[in-house]
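A short worksheet on the structure shown next.
Computed from the coordinates by the stated procedures, all read-outs in this text should not be read as laboratory data. Nothing here was measured: the structure is a model prediction, and the numbers come from that model. All Cβ positions, even for glycine, are placed from backbone atoms using ideal geometry, and neighbour counts span all protein chains on display.
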């Protein structure tokens, strides 16, 4: 596999994704997604389109900011397949939520995304999160491959 495609995915999607989360920047975050987005799963086990997802993200980021809370997200991968202008990536995420008083919680989950490159830029067009059992834990997260270790996925 061409690891340059994975580096482009990191530059276009994954690194900006984490940055937008840390800044609670809903417009920047939503720009990483295709307007044709299909989002499935998650704790609510729902299937939604871009507009509903945008509403959820905007409200959630605004609520966090209003309370003085912060959130960060990081990713590690178990599978990355990219060819031409499409990609399928599976991995784990670690989300750390910190309230204004400093109390924090860490959550783990598994994801599977499909991205498409249009106009020279990658965007997520299918995003599936799962809370399947066994639940993802710190050791699962650490055992997965670091986001920047694209050579691990070279054929």
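Whole-Å semi-axes of the chain's equivalent ellipsoid, largest first, each the root of 5 times a Cα gyration tensor eigenvalue?
24, 19, 15
Order these by the 10 Å Cβ neighbour count, fewest first: 19, 32, 92.
19, 32, 92
Which of 117, 105 comes first, and how do the rest follow, when ranked by fewest Cβ neighbours within 10 Å?
Starting with the residue having the fewest Cβ neighbours, the order is 105, 117.
So what's the angle, to the nearest 10 degrees on a 0 to 90 scale, between helix 50-67 and the longest Cα principal axis of the chain?
50 degrees
Pick from 106, 98, 118 the residue whose mean-square fluctuation is largest in a GNM of the chain, springs joining Cα atoms under 10 Å.
Answer for the Gaussian network model of the chain: 118.
Please compute the modelled spin-label separation between residue 3 and residue 155, points set 7 Å along Cα→Cβ, answer in nm with one decimal.
Label-label distance for residue 155 and residue 3, simple model: 1.6 nm.
Quick one: check the C-alpha center-to-center distance for region 6-29 versus region 57-131, whole angstrom.
9 Å
If I build a Gaussian network model for the chain, linking alpha-carbon pairs within less than 10 angstrom, which residue out of 142, 13, 78 has the largest mean-square fluctuation?
142
If the chain between residue 119 and residue 49 were fully stretched, how many nm would it gain, using 0.36 nm times the residue separation less the Cα-Cα distance?
23.1 nm
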